[in-house]
1. Using a Förster distance of 30 Å, how high is the FRET efficiency between Asn253 and Arg339, based on the Cβ-Cβ distance and rounded to 0.05?
2. Which log10 I(q)/I(0) values, to two decimals, does segment 74-133 give at q = 0.16, 0.28, 0.29 Å⁻¹ under the Debye formula with one point per Cα?
3. Would you compute, from DSSP H runs of 4+ residues alone, the mean residue ellipticity of the chain at 222 nm, taking -39500 (n - 2.57) per run and dividing by the full residue count, rounded to the nearest 500?
4. Please name whichever of Thr309, Gly261, Leu299 sits farthest to the positive end of the charge dipole of segment 234-323, dipole taken about the Cα centre and charges placed at Cβ: Lys and Arg +1, Asp and Glu -1.
5. Which listed residue (Val151, Ile114, Ala90) has the Cα farthest towards the positive end of the charge dipole for segment 76-156, taking +1 on Lys and Arg C-beta and -1 on Asp and Glu C-beta about the Cα centre?
6. Calculate I(q)/I(0) for segment 1-100 by the Debye formula, one identical point scatterer on each C-alpha and no solvent, and give its log10 at q = 0.14, 0.20, 0.23 Å⁻¹ to two decimals.
7. Compute the normalised compactness of the chain: alpha-carbon radius of gyration over 2.2 N^0.38 Å, N being the residue count.
8. With angles folded into 0 to 90 degrees, how steeply does helix 83-92 sit against the dominant principal axis of the chain? Use alpha carbons for both and round to 10.
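No lab work stands behind these numbers, since they all come straight from the coordinates. This one's a predicted model, so the numbers in the text were calculated from it and none came from an experiment. Note: ideal-geometry Cβ built from the backbone for every residue, glycine included; neighbour counts use all protein chains shown.
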Amino acid sequence: MQHNKQIRAVMVGCGGMSRAWLDAASQTPDLEIVGLVDVIEEAARKRAAEYNLESAAIDTDLASVLESTSPDAVFNCTIPEAHTSVTLTAFDHGCHVLGEKPLADSMEDARMLIEAARKAGKLFAVIQNRRFEPGVRRARAFLQSGAIGPVTTINSDFYIGAHFGGFRDHMEHVLLLDMAIHTFDAARFLSGADPVAVYCKEWNPAGSWYDHGASAVATFEMSNGLIYTYRGSWCAEGFPTTWESDWRFIGQNGSLKWTNGADVQAQVVAATGGFQSTYQDVAVPLYDGVDDVAGHKSLIQEFVTCIQTGTEPETICTDNIKSLAMVFGAIESAETGKRVAISW
């Protein structure tokens, strides 16, 4: 397929999150939104007016829009419970799919969708937008340089007092299911390691405005013997972290700290022999990439290019299922109180 082929896409799900997608789509060369679908037709019409998409097909039924527009791709911005049916409908009509996280609302459906994508010969990727932020790219490049030696331990803290209102207040496993996948995926991306097993404790602190577990601690055994510990809460008032979490990476020759979204510091061993080694501060170079640190925009532009060139997106389903497996492994451990082996 030629690199400059115009890619035509239908957006499904026109709620609040669709704005980030449509903002990014409007800045993506070679991309045209030809349809908007939502169970509430007025929501689709509202987005069409906001983004000057009056010529786009608008309907509550995805299949009819796909039949009338014959697009190359479907952007699945629906609620998690609808991800599977929307993705299967898209494959049935010969479309590639870029979907909101999570990939699916169960591991069984995730595996089924990956097989459906393989049979259809279509791309299926997940919009893990927080991979495409300057801080995470900067930290990863430094870790890959080997400056602190092989990484043995990773800790991340996520603490935000998030007063959403609405459906999240009543969700079971609200932190693990709705937010932790971003942090778990970042841990995989930063470490280059895959999950092996997890032990997780989930609870709802006294005074919580959520109905169910809004706090969790999870310890993951990762490949290469690495241990990753996640601590998080969505009802922690005071000293909030950023959405990117605060991180510490411990290597055999030093440590890296990434805090407040942009503060990246490193120390390495300068001399040994005493009770404590002496340490030397090491500069962490700024990330010099331009095209791949713009969140949704980076992902959507990458996806369009992959359709055009026959290449594979970074967040392809066969890789992203490993992050999803961390979420469902943590939930199973929280429910059973046992260490859970992770598979995908």
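1. Once the sixth-power term is evaluated, E becomes 0.50.
2. -0.43, -1.22, -1.29
3. -10000 deg cm²/dmol
4. Gly261
5. Val151
6. -0.44, -0.94, -1.28
7. Values: Rg = 21.1 Å, N = 344, 2.2 N^0.38 = 20.2 Å.
The chain yields a ratio of 1.04.
8. Roughly 50 degrees, rounded to the nearest 10.
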